[in-house]
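Read the structure below first, then the notes.
The values are calculated or read from the model by the stated rules, or taken from the named source; none is laboratory data. All values derive from a computational prediction rather than experimental measurement. Ideal geometry is used to build each Cβ from the backbone, glycine not excepted, and the neighbour counts take in all protein chains shown. Areas reflect the complete protein model, heavy atoms only, side chains present, ligands, DNA and RNA absent. Shrake-Rupley method; radii C 1.70, N 1.55, O 1.52, S 1.80 Å.
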Amino acid sequence: MGKYKLISKPFPALTTGDVKHGGTGLIEDARHVVSPLSVGNSHASTPLEFLFKKFAVHVMSFEIEGAEAPNWFGVSFRKGIQSFDSVNIFCHPSPGTAGMTDRDYPTRAGSWPRLFRYAQMMGAQFAIAGSDQVAIIPFFNNASYSSTGLFGANWKDIVLDILTEVRAEALQRTDPFPVVLKDVVLSDFSFGRGLMRNIRARAPGLSRYLREIWDFDGVGGAPPYGAGEVGAILYDQSTGGDPRIFHVPPTRWQQFHGKIASSVHSNIPDLLACHAATVSTVGRGG
């Protein structure tokens, strides 16, 4: 058992505005994703193709008692998951940029419910890809976004407690032996690139487990290329030039938007995490 005992709490669905999600529970629905076969290699310039696929995903919300942030976590995993040793820690964009205030963080009021969408977003695409990765999203407030707050130094204890709860939920039983962590993926979107960099620097022992980095149109600093045994799956809106990145500029998204959109920034994690999960070496242990 880890140092922190997490408390599972329901989180309501968000059904109004431009951001919607189904809250917590078993969510069975369908959504668009980019067809993995259409992404091609890093030099690809052909139009992307899109699939509308059914998914079934468990979404959970956990809290840790105490005021130090992040004390709130979104978690998701596919229905029928077969292993519990691979996690994808998603680094969300800066909450202040989206109008989220630390005053509202303790009660998850204001704009904070919008942030919970990332749990369903990642888990649904893992389900479509048949991946056994467990998505974990530590929701950082503004004060902890740079320092990594409670999470950095205690990441493994928190992750192991989450995996214990995931296994109990997925199998509908509590097993006496501890969950063993095998693989970690760090993923980011937009300014989450900086958050990911800080987590890598402040999380003791993380390098032992880190297998891949996923960067969805990251902003701030150089792209986080893989090195040594750490792979990298990177996406940007560039038209080409770097063979280490999947280039998905707006010209490739015409089938989805019906025109050349001015930006596809938010579409990149929302529809391409399925591709990342499909080509990933993590979460395929069965």
Hey, Thr251 hits all of (1) among the β-branched types (Val, Ile, Thr); (2) closer than 23 Å to Asn88 by Cα; (3) open to solvent by 60 Å² or more (accessible area, probe 1.4 Å); (4) not in a loop (DSSP other than H, G, I, E, B) but one; which does it fall short on? (2)
Testing Leu210 on (1) in contact (Cβ under 8 Å) with a residue 12 or more places away in the chain; (2) open to solvent by 70 Å² or more (accessible area, probe 1.4 Å), one condition comes back false. Which one is that? (2)
Close pairs (8 angstrom Cβ cut-off, 6 or more residues apart or separate chains): free of Cβ contacts under 8 Å to residues at least 40 places away in the same chain and more than 26 Å from Gln172 (Cβ to Cβ) in segment 10-38, among the aliphatic types (A, V, I, L, M) and open to solvent by 30 Å² or more (accessible area, probe 1.4 Å) anywhere: Ser35/Leu51
Subset tally (residues that are in a loop (DSSP other than H, G, I, E, B) and not small (Gly, Ala, Ser)) for segment 270-285: 3
Within segment 25-32, can one find any residue that is open to solvent by 80 Å² or more (accessible area, probe 1.4 Å), under 20 Å from Gln125 (Cα atoms) and among the basic types (Lys, Arg)? no
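So which residues in segment 255-269 are closer than 19 Å to Ser238 by Cβ, assigned to a helix (DSSP H, G or I) and touching a residue at least 12 places away in the same chain (Cβ under 8 Å), if there are any at all?
Step one: list which residues in segment 255-269 are closer than 19 Å to Ser238 by Cβ, which gives 256-257, 260-269.
When the remaining residues are screened for being assigned to a helix (DSSP H, G or I), the result is 256-257, 267-269.
Answer for segment 255-269, where residues must be closer than 19 Å to Ser238 by Cβ, assigned to a helix (DSSP H, G or I) and touching a residue at least 12 places away in the same chain (Cβ under 8 Å): Phe256, Asn267, Ile268, Pro269.
Checking the condition under 15 Å from the mean Cα position of the chain (by Cα), open to solvent by 20 Å² or more (accessible area, probe 1.4 Å) and among the small types (Gly, Ala, Ser), which residue from Ala127, Ala109, Ala143 passes?
Ala127
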Are there any pairs, at least 6 apart or on different chains, whose C-beta atoms fall under 9 Å, with the first in segment 49-63 and within 27 Å of His257 (Cβ to Cβ) and the second of a type in the set (Asp, Glu) and open to solvent by 20 Å² or more (accessible area, probe 1.4 Å), and if so, which? Lys54/Glu28; Lys54/Asp29; Phe55/Glu28; Phe55/Asp29; Val57/Glu28; Val57/Asp29
